[in-house]
1. Could you state the number of Å between the C-alpha centres of the stretch 1-79 and the stretch 319-342?
2. Please work out how much length the chain gains when fully extended from residue 236 to residue 478, using 0.36 nm per residue of separation minus the C-alpha to C-alpha distance, in nm with one decimal.
3. Picking from 150, 547, 114, whose Cα lies most toward the positive end of the charge dipole for the chain (charges on Cβ: Lys, Arg +1; Asp, Glu -1)?
4. Relative contact order, percent, of the chain when contacts are C-alpha pairs under 8 Å separated by at least 6 residues?
5. Could you run the Karplus curve 6.51 cos²θ - 1.76 cosθ + 1.60 with θ = phi - 60° over the stretch 379-384 and give me ³J(HN,Hα) per residue in whole Hz, x for Gly and Pro?
6. Amide H of residue 575: which non-local residues (sequence gap of 5 or more, or other chain) have their own amide H closer than 5 Å, using H built in the peptide plane?
7. Along the stretch 112-123, what does the Karplus equation 6.51 cos²θ - 1.76 cosθ + 1.60 (θ = phi - 60°) give for ³J(HN,Hα), rounded to whole Hz, x for Gly and Pro?
8. Could you give the Stokes-Einstein D for the stretch 370-519 in µm² per second, using the C-alpha Kirkwood radius, 25 °C, 0.890 mPa s?
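Just so it is clear, none of the values below were taken in a lab; they were calculated from the coordinates. A quick note: this is a predicted structure, and the numbers were derived from the prediction, not measured. Quick reminder, even Gly has a Cβ in these numbers, built from the backbone with ideal geometry, and neighbours come from all protein chains shown.
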Amino acid sequence: MKPNKQSFARVMQNNWFILKYGLMYSRKYIIFTCLYACLQEIEIFLEHVILIKFVFDSVQFGTSFSTVALYIGLTVLFIAGCFVLDSIYYQSVEPKGKELLYQKLRMDLYTKAVKTDLSNYDDPVYYNEYVWSANDARNRIDATIDNIRNICKSITVIVTSVSFFLFVDKLGLVFILVSFIATMLFSMLANKVRFAMRMELNEKDRKRIYLKRLFYLADYAKELRLYSIKEKFFREFSRTHVEMHAIVNKHSKKQFWINFTSDYFFNELILGGLYVVYVVFMALVKGTLSYGSAVTLLNSCWRLKGNMQYLTSLVSEMQENSMYIEKLRSFLDQPNEMKDADDPLAVPDRFTGLELRNVSFRYSESGSPILHDVDLTIRPGEKIAIVGYNGAGKTTLTKLIMRLYDASSGEIRLNGIAIDQFNLDDYRMKFSSVFQDHQLFAASLSENVLMQHCSADDPEKARLALEKSGFGDKLHSLPMGTDTSITKEFNDSGVELSGGEAQKVAISRVFAKPTLLILLDEPSSALDPMSEYHLNQVMLEKAENRPIIFISHRLSTTKMVDRIFMMENGRIIEQGSHDELMRLKGKYAHMFNLQASRYRVVAGVKQA
């Protein structure tokens, strides 16, 4: 997005987008902010303009002391009331109002992130936009509210000061108007240069942030101590800083000349010089201005000049804020390609079959095909294994079955109905799945098993599922049982599980969730062959009549299943039972024989 492409209307729309959250969810806060900002400037105008003019004119023209004292007393009482409101606003109204807005906007971002197509995460540009939007949402709220507050202040200053000038000295407004217009144009030009610099720096800063993570996250600590690759990252860190310095140096020269012209010629020279001479001339030579009027005109001139400058910068800041809000809105408005049918069907509760017909897939239109014309049928209660070396397309196939992606061509049917005719969220909930890269959350053990907020009866359900997955011994050693917190992220009494233990917890989710079909993408890769074999046996026994799809490049399970599909380069090249494929002496038999020594004792298979 280029900084010079936004119209004034779009700038207003983007800032209104954030302000709308305030009016929807925290209207009292927004209204209080605007009214209080106006009141603050009215108080300053009465104290520093009207009161000073009144005092000087009283001295010059001999007003009684009692009248002056009464006026000062009333002004002091008004200021005291403003101080009370100031405490209420900053100690109560603002903290509560802002926190509510942070929550609402971030909730919309998180909801969008959960519902966005999984394919978007494969696009680094889109993913970077999401990370940026989530991290920057709070800044956009702060900037927008601050801008609105400051606009109210500046407008109040302008209205009160202009009214004063119209009443006392109309010609002074000409000096101010000329300065204001010229300064605004140059400030907008400076803002575009500043935004262009920040966009260039952001590209480099992402790399610097990545390098910073390498040196402080525990994930990389062992490798950095055992290998010399850290020297490469030290060099890249230094080179990135040099590149960022060059970017700043390139843009700073332009900013200097723009700011100098704006600050000196269109501010100091016009208002700080010419107008002062004019006021002194009118007071001392012409005698048309009182001393009180002369002093307050000069004070008001500087005050009005400062707010004209500030209003100019506010217009520029709103423009800059709009450019960042545009990125946030682009993320929120990104349409999903995967959509529900116009009148989606209810997902059936009974499984009668799943069929893939000529299914092909590529991650992008210009990308290489991952799957080619895959045909596959799964019958009720059937246990199948999809095997092959890494990169064969096994995991991609499972993502299509669960409709995390849509096939590029061909179709997938559940119970004879194309899966895009079902409600998308309901369809996905009909699968129990465990992936090799499963994740555990900073929540209780039972919540990690059931993957939902737990009610009173849920801990027992979680316990039974954990027993089935082989986690029973570890569970009995935990003093808090299923209430134990996983990780120490937010609870010092939490537990850190080993890879094998974490995998058993992930697998227990399959036993806790009643679904149509179980899909296991190398869930036991962190287990030793003996544990893997026994776990797969339990899985087959406890799955009841649900069909199971095993995805693996380790073949210790394949003798137990009904059918095996061997994949290579995105195609199914062989299918059949274990015995049938061994007699075929093809790719599966070759792969099985290579691995036989690893699990011969476990599975009781003699090496062919």
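1. Cα centroid to Cα centroid, the span is 36 Å.
2. That pair, residue 236 and residue 478, stretches by 82.6 nm at full extension.
3. Most positive-ward Cα: 150.
4. Here the relative contact order equals 14 percent.
5. 9, x, x, 6, 10, 10
6. So residue 575 has HN proximity to 566.
7. For the stretch 112-123, the Karplus-derived couplings read 4, 4, 5, 8, 5, 4, 4, 4, 5, 6, 7, 9 Hz, x marking Gly and Pro.
8. Value of D from the Cα-based Kirkwood radius: 142 µm²/s.
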